[in-house]
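First the structure, in the form of structure tokens, and then the observations on it.
The values are calculated or read from the model by the stated rules, or taken from the named source; none is laboratory data. What you are looking at is a predicted structure, and each value in this text was computed from that prediction instead of being measured. Positions of Cβ are generated from backbone atoms using ideal geometry, with glycine treated the same way; all protein chains shown enter the neighbour counts. Surface accessibility is based on the protein's heavy atoms, side chains included, excluding ligands, DNA and RNA. Shrake-Rupley method; radii C 1.70, N 1.55, O 1.52, S 1.80 Å.
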Amino acid sequence: SRWEEEKKEDGVKWMQLEHRGPYFVPPYEPLPEDVQFYYDGKPLKLSLATEEIATFYAKMLDHEYTTKEIFQNNFFHDWRKEMTSEEQEIIKDLGKCDFGEIHKYFVDKNEARKVLPKEEKQKLKEEADKIQEEYGYCILDGHREKIGNFKTEPPGLFRGRGEHPKMGMLKKRIMPEDVIINCSKDSKIPEPPEGHKWKEVRFDNTVTWLASWTENIQNTLKYIMLNPSSKLKGEKDWQKYEVARRLKDVVHTIRAQYRKDWKSKEIKKRQRAVALYFIDKLALRAGNEKEEGETADTVGCCSLRVEHIQLHPQLDGQEHVVEFDFLGKDSIRYYNKVSVEKPVFKNLQLFMKNKDPTDDLFDHLNTTFLNKHLQHLMDGLTAKVFRTYNASITLQEQLKALTNPEDNIAGKLLSYNRANRAVAILCNHQRSIPKTFARSMQVLQEKIDAKKKQVEEAQEEVKKAEDEFKDTKDAKAELNVEKKKKLLKRLEEQLAKMNIQATDKEENKQIALGTSKLNYLDPRITVAWCKKFGIPIERIYNKTQREKFAWAIDMAGEDFEF
């Protein structure tokens, strides 16, 4: 198997890498003459750059984002910077801008695309396939491997997750001059688009990216990487879970050590021990120091401030309760009330003594100090390994507890989703309720009501048939009873399946199951569970996910234990 091919020396990821470079987004196409922008009720012809940015906002008019003040302010600020001086003189108030016609133009264009004749759709598909064929593959050590995201991101307005302070800012178009290419010296170096040149060409075989650039909103590096199904990515994934599995052998020692450190004479050690307890028990992120100029006030475990927690000696019938409330990664709120062990509670009281709300809770601790300690406890150990370990072990334990071998496939899948949900809640993976949720729930409820009616009618029919058989005692009537009972059983099963679906939908509305499924859960646990209970793997992983986890599907038998 290709997972078992000979290993390279440490740090070297490949010997040969050849590719075409990124596929750049096509240039902006101006709006037709009859589609106009209005300012203060009057049509206003915009310059090309200004018009393009106006279309970004217009396309999002029916989205909740454009109702948010921070989104509007950021957009208007960035848009004005790109205007000509004449336009800046006129356009001074977003409230007087009317994007309605532009919005309608794009809605109509989308609708038209949906109803294209089959031949037209086929033509578009062929064009996309041609681009995929040309840019979507590379040669890596003699293997033709699929590239993950070979297109640069189109320009647009930044959305961010949660209440991100930079939402609405302008994401600029990526040019070849922004891009660093990485390939092997002896390969055919990719040509930049005509009239352009690359920022730099590198030959670095200790990294696995093919091209990179810095995006302008958060100043973070973006990479073109191999597809998750590629050998390199699969190996990396596999190693990640193997490190988490190693933690299983030492986690008891680590827990005993941090419990001991709660009583340490050194405040630094005590703080480290309490932080580690939170990272272990609550799967909190460590909270790395943020880049300069990062405006979002997001924190992790090490950067918690006094104002982020409240201590309750007693609350809701529990003792020693810590109430957390802060913004975590991507400005997603973390809110949780947890009963902790008494020494942890006592230590927190000590750490908060004589401090202002804005002071650091762990003022003697930073992530570097914590990670050094973790590395010392186990080679390769970081806070993220704890998240991976606790997520995977939770899934495995929940599946054992929740799966009933007697259930049908729908029942078992509900148990799987409930186990996955326990992990998503542990990791605080939330999503906003989908726009279509209420409507799709209503449709499902209508179907359930109709099915209930059918079941009631079928029950009447069974009763009638049984009465008839009592009177006549003939074989034909007996057969009729069997037939009616069979139908009733089938309808009851269908109703049960629909009820399961409704429960699942309701329980999942604000939980994002995908993040943990793709990044924190050892796929071998799922593969083993599917094999053990005869569940088709495609009921849990879609085609892309099955490609990403090909290594796990290949390796795990039904008795795999994390």
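Quick notes on this structure:
- In terms of its alpha-carbon gyration tensor, the chain comes out rounded; the largest-to-smallest axis ratio a/c stays below the 1.5 threshold.
- Each Lys or Arg adds one and each Asp or Glu subtracts one; over the other residues with Cβ under 14 Å from the Cβ of PRO117, this totals +4.
- Considering only the chain, percent of DSSP beta bridges that pair antiparallel, nearest 5: 90 percent
- Theoretical gain in end-to-end length, HIS308 to ASP129 [0.36 nm per residue, Cα-Cα removed]: 59.4 nm
- Computed over protein heavy atoms with a 1.4 Å probe, the carbon and sulfur contribution to the accessible area of the stretch 342-387 reaches 49%.
- Normalised contact order of the chain, rounded percent, pairs of Cα under 8 Å and 6 or more residues apart: 12 percent
- Lys pairs under 23 Å by Cα in the stretch 37-119, provided they are eight or more residues apart or on distinct chains: 27
- At R0 = 41 Å, FRET efficiency that the Cβ-Cβ distance of ALA401 and HIS143 yields, to 0.05: 0.45
- The trypsin sites (Lys or Arg not before Pro) of the stretch 54-110 that DSSP puts in a loop, and whose beta carbon has at most 15 other beta carbons within 10 Å, are LYS68, LYS92.
- Cα-Cα over 23 Å, subset of LYS451/LYS476; LYS453/LYS483; LYS463/LYS486; LYS265/LYS353: LYS451/LYS476
- GluC sites (Glu not before Pro) lying in DSSP loop within the stretch 30-105, provided at most 14 other Cβ fall within 10 Å: GLU33
- The overall shape of the stretch 243-351 is oblate: from the C-alpha gyration tensor, with semi-axes ordered a ≥ b ≥ c, the ratio a/c is 1.5 or greater and a/b is no larger than b/c.
- Total formal charge among the other residues, if their Cβ is under 14 angstrom from that of ASP316, Lys/Arg +1 and Asp/Glu -1: -1
- A simple rule links phi to the HN-Hα coupling: the Karplus curve 6.51 cos²θ - 1.76 cosθ + 1.60 with θ = phi - 60°, which for the stretch 544-561 gives 4, 5, 5, 5, 4, 9, 3, 4, 6, 5, 5, 9, 7, x, 5, 9, 4, 10 Hz, with x for Gly and Pro.
- Fraction of accessible area attributable to carbon and sulfur, the stretch 28-113 (%, probe 1.4 Å): 50 percent
- Within the same chain, lysines fewer than 8 places from LYS260 are excluded, and of the rest, those with a Cα less than 19 Å from its Cα are LYS268, LYS269, LYS281, LYS342, LYS346, LYS372.
- Nearest-0.05 FRET efficiency for ASP108 and GLU33, computed from C-beta distance (R0 25 Å): 0.95
- Here the simple spin-label model places points 7 Å from the Cα toward Cβ, and for GLU468 and ASP204 these points are separated by 8.0 nm.
- Taken per residue, the accessible surface of the chain reaches 57 Å², heavy atoms only and a 1.4 Å probe.
- Span-rule helices in the chain, defined as complete DSSP H runs reaching 24 Å or more along the axis (Cα) with Kyte mean at least -1.0: 383-402, 409-426
- For GLU126, neighbours were defined as the other residues whose beta-carbon sits under 15 Å from its Cβ, and their charges (Lys and Arg +1, Asp and Glu -1) total -1.
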